[in-house]
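A quick write-up on the structure given underneath.
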Amino acid sequence: MSSISASALQNLDESSRKDIMQFIEAEQSKSKVQMSIHNFTDMCFKKCNANRPITNGNLSSSEEQCLTNCLNRFLDTNIKVVQALQGQQ
Amino acid sequence: MALFGSSTSAAAGTASTTAGGKSQQLKQEIENQISQELAVANATELVSKITENCFEKCITQPSNILNGQEDQCINQCLEKYMRSWNVISKAYITRIQQQSAQDK
């Protein structure tokens, strides 16, 4: 991938700059979501495979359920904690 | 691979020689580079998480070589992890959508 020269950047017109800023913002929020997914997968993979060896590469329906539940209960916990700290229980 | 979700669309139209066309072309280049770098960051993170988890799961007694059983475990673990990533991703996006529908 070629790098973009600084002098070339000065030739950008106003609307292109605006577009790029918008693009960066969108990519940033996408990236945030992806990073959250990495963390949740890490956490729930550990939880759902605790105390048992990996014996195949597939996900059984109960494993899938475990992962989905793990994520949703984690997010519920997060909401509860925020609400409790806001004193709105 | 859809997993790395590159959002780059094909560069539109032919590049003209006008200033506006140049800007357009440069903009496309910048955006492609940003997408590319984020895709690399995403892949790197995935590799690191899989390595951590599968090392933990599969290499319980590190020996002088990676034996056949460990090798098989790593492959299965990798596959399982990627499938798990997809399940979590789908569930999380569903949840975000539900939440934002509620807030409206």
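Taken together, the values in this text are just the output of simple stated rules run on the coordinates, not laboratory data. None of the values given here were measured: they were computed from a predicted structure. Cβ placement follows ideal geometry from the backbone for every residue including glycine, while neighbour counts extend to all protein chains displayed.
Just counting partner chain Cβ atoms within 10 Å, what average do the residues of peptide B:92-99 show around their Cβ?
On the way: counts 11, 2, 3, 5, 3, 0, 1, 2.
Partner-chain Cβ atoms within 10 Å, mean over residues of B:92-99: 3.
For chain A, a Gaussian network of Cα nodes joined below 10 Å ranks A:60, A:31, A:15 by mean-square fluctuation, and the top entry is A:15.
Straight-line cross-link partners of residue A:32 among the aspartates and glutamates, defined as a Cα under 16 Å from its Cα and at least 8 positions apart when in the same chain: A:42, B:37, B:45. Between the C-alpha center of the stretch A:31-79 and that of the stretch B:80-100 there is a gap of 9 Å. Placing one identical point scatterer on every Cα of the protein assembly as shown and ignoring solvent, what is log10 I(q)/I(0) from the Debye formula at q = 0.08, 0.09, 0.17 Å⁻¹? Rounded to two decimals, the profile gives -0.41, -0.51, -1.09.
Quick check on the protein assembly as shown: helices-only [θ] at 222 nm, where DSSP H runs of length 4 and up contribute -39,500 (n - 2.57) each and the sum goes over total residues. Nearest 500, please.
After summing the helix terms and dividing by the residues of the protein assembly as shown, the value is -26000 deg cm²/dmol.
Couplings 3J(HN,Hα) of the stretch A:42-51, computed from phi: 4, 5, 6, 4, 4, 5, 7, 10, 5, 6 Hz, in residue order, whole Hz [Karplus 6.51 cos²θ - 1.76 cosθ + 1.60, θ = phi - 60°; x for Gly and Pro]. For a straight C-alpha distance cut-off of 16 angstrom, the aspartates and glutamates reachable from residue A:46 (same-chain residues fewer than eight places away being disregarded) are A:63, A:64, B:52, B:56, B:79. Excluding residues fewer than 8 places away in the same chain, name every one of the lysines whose C-alpha is closer than 16 Å to that of residue B:22. Partners found: A:18.
Springs between Cα atoms under 10 Å define the GNM used for chain A, and in it the highest mean-square fluctuation of A:11, A:78, A:49 occurs at A:11.
Taking the Cα atoms only, what angle lies between the long axis of helix A:61-85 and the longest principal axis of chain A, rounded to 10 degrees? Result, in degrees: 70. Taking 7 Å along the Cα-to-C-beta vector as the label spot, tell me the residue A:3-residue A:23 distance in nanometres, rounded to one decimal. Rounded to a tenth, the inter-label distance reads 1.9 nm.
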